[in-house]
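None of the figures in this text is laboratory data; all of them are computed from the coordinates on show. The shown structure was predicted, so the numbers you read here are calculated from the model rather than taken from an experiment. Glycine also receives a Cβ, built like all others from the backbone with ideal geometry; neighbour counts cover every protein chain displayed.
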Amino acid sequence: MKKLTLILLALAAIAPAVTTALRAQNATPNPEATLAYIHGAWQTLARSQMDCKSLSDSKVATTPILYLPAGMAKTNELSELEARCGIKVVNLPKAIDRLGDLKPQDLPAPGLLYLPKPYVVPGGRFNEMYGWDSYFIVLGLVADQQNEMAKNMVDNQLFEVENYGAVLNANRSYYLTRSQPPFLSSMIRAVYEAPGSFADHTAARAWLAHAYGLAQKDYSTWTRPEHLAGATGLARYYDYGVGPVPEMADDNGYYADVIRILLQHPNSADARAFLLKGAEHPDEKEAARLKVVSCDVKESVVCARAWANGYRLTKDFYAGDRAMRESGFDPSNRFEAFSGATHHYAPVCLNSLLYKYENDLAHFATLLGMPREALRWRHRAKVRAAAMQRYLWRESEGVFADYDFLLHKSSGYAYITSLYPLWAGVATQEQANRMVKKLNLFERTGGLSMSHTQTGLQWDEPFGWAPTTWIATAGLAESGHRQDALRIAGKYCATVDKGFAEDGTIREKYNVVSGNSNVQVQTGYKSNEIGFGWTNSVYLKMRELLAEK
């Protein structure tokens, strides 16, 4: 009997894998099935802060706290929420005007930041409203005629700007020191221009006027001295916090893995820049030294664990690591090893987005009858475009490239963000024609790869992601290279369809070399989350594009 029981247990253990393998072998991609899943997914991914499940955070294991803006009254509904969900609802200790005004470590514990309206989360471990994810989610909601939820998403980001200083990486207290790629103006346009978003023209104009004022405040985040890329006139990614990021508390090995991998090449420039000797269990004197040159082992459990083989990471690495997370590409080797030098670069993506932001603000000012303000924004865009042409365009190679403003040199790292200027409209037609010839650097069987370098990191080869794929594809279509756009859209949709047919899920990223959801990440976030907000949305937009041909 005991032997039979063991056999049955063994069969039960392998049954899911066998079922998945058989399903994958016999799966037939069906776009209608994919679409049906997406149409139903918005409700699954929707969150309201009156719902207990919205408050949990798998990344940081603490009793849930909901933080209200300073001075905001706790309503009876919020008091009832406390009792029903077993949480605390407290006010932030002071008003926030700009990112970094309130340090996360000054709060008693990490928590969720209040937002007034329902929203859609990405999925999986990401159970909050994210910055740049939200733009792509809004595109999908509008495409699926979910205009009210799309407007809610924008209203929530405007609330973040007004009460937390800027559009945040996400609405958690540990994100109060950084933003994400600036898509707010694009979100505003997506909702404002969608038929049926407003009852009438008067309501639409009043909403736009409110949004325009707050968008200007959000834009100012990127012109603060800390966000300037030296004397280039361009912007960089920057986080106002220090040390390792708190949200890595659920990944015990990431920073230690970084150290181990750097030690495999001890004489490399990256190892010399990012590693320093340090004790695993420092005494008082050593802890004080590490607080200055690395991170605070007493204040941060993530810092305390960030040790391997006698080494720790430098303070400058953590600054770059934080800036990388503001970029959204966490991690890749785009800005040196593990992008630990992100804050040393003027990136093509960020400055393309800001160029579009400036033109969008000019458009809003024109609609609101403010021609002088429109002229001012157009001038800003013109100045940025000139700086991008000077520092980011590599005439000899026919590409836009990130610029190291400390070493005064262009990056040679081929990355998909080189195509952002097509979408933003900053590339000339001649430049667009030359850039298209470089598509082979990224185009694979299943779509567009993030880079031309296989590193084992999730934002590099062989992985393809919905947001960058959409920006590249839309940019190709808008710059007159429609057939290229349609080809890539077809490849991407086929990859999503194949993955869905195999396991009934839609994922945050795909292996575009093999054309499926078989993702094996060596270092960093190793999971491939299910949901997934921006993938659902980009799939809908790709289908729209293919239907137009």
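So here's what we get for this one:
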item	result
Integer Hz, Karplus 6.51/-1.76/1.60 couplings in order for segment 274-287, x for Gly and Pro	10, 10, 8, 6, x, 7, 6, 10, x, 7, 4, 5, 5, 4
Residues residue 263 and residue 366, FRET efficiency given R0 of 51 Å [Cβ-Cβ distance, rounded to 0.05]	0.35
Potential lengthening between residue 478 and residue 396 on full extension [0.36 nm per residue; Cα-Cα distance subtracted]	27.1 nm
Computed helical MRE - 222 nm, the chain, DSSP H runs ≥ 4 contributing -39500 (n - 2.57), nearest 500	-15000 deg cm²/dmol
Chain lengthening between residue 91 and residue 382 when straightened (0.36 nm per residue, less Cα-Cα)	100.5 nm
For residue 521, distant residues with modelled amide H under 5 Å away	none
Rounded to the nearest 20 debye, dipole of the chain from Cβ charges on Lys, Arg, Asp, Glu	620 debye
Karplus-derived HN-Hα couplings along segment 502-514 (A = 6.51, B = -1.76, C = 1.60, θ = phi - 60°), whole Hz, x at Gly and Pro	6, 9, x, 10, 10, 10, 6, 8, 9, 8, 7, 6, 8
Inter-label distance for residue 33 and residue 220, nm, one decimal - labels placed 7 Å from Cα along Cα-to-Cβ	5.3 nm
Dipole-positive endmost among 518, 456, 546 within segment 442-549 (Cβ charges, Cα centre)	546
Under 5 Å, built H, 5+ apart or other chain: amide partners of residue 515	446
Charge dipole (segment 365-465, unit charges on Cβ, about Cα centre) - positive-most of 366, 400, 429	366
Contour excess over end-to-end distance, with Cα ends at residue 503 and residue 429 and 0.36 nm allotted per residue	22.4 nm
Exposure rule at most 16 other beta-carbon atoms within 10 Å, DSSP loop GluC sites (Glu not before Pro): the chain longest free segment	1-192
Student exercise, segment 272-326 dipole from Lys, Arg, Asp, Glu Cβ charges, in Debye to nearest 20	140 debye
Average Cα contact separation per residue, segment 442-549, under 8 Å, 6 or more apart, as relative contact order %	31 percent
Theoretical FRET efficiency, 1/(1+(r/R0)^6), r = Cβ-Cβ of residue 440 and residue 125, R0 30 Å, to 0.05	0.30
Among (i) 77, 62, 61; (ii) 67, 54, 50; (iii) 66, 62, 49, the entry that matches Cα extents along the principal axes in Å as calculated here	(i)
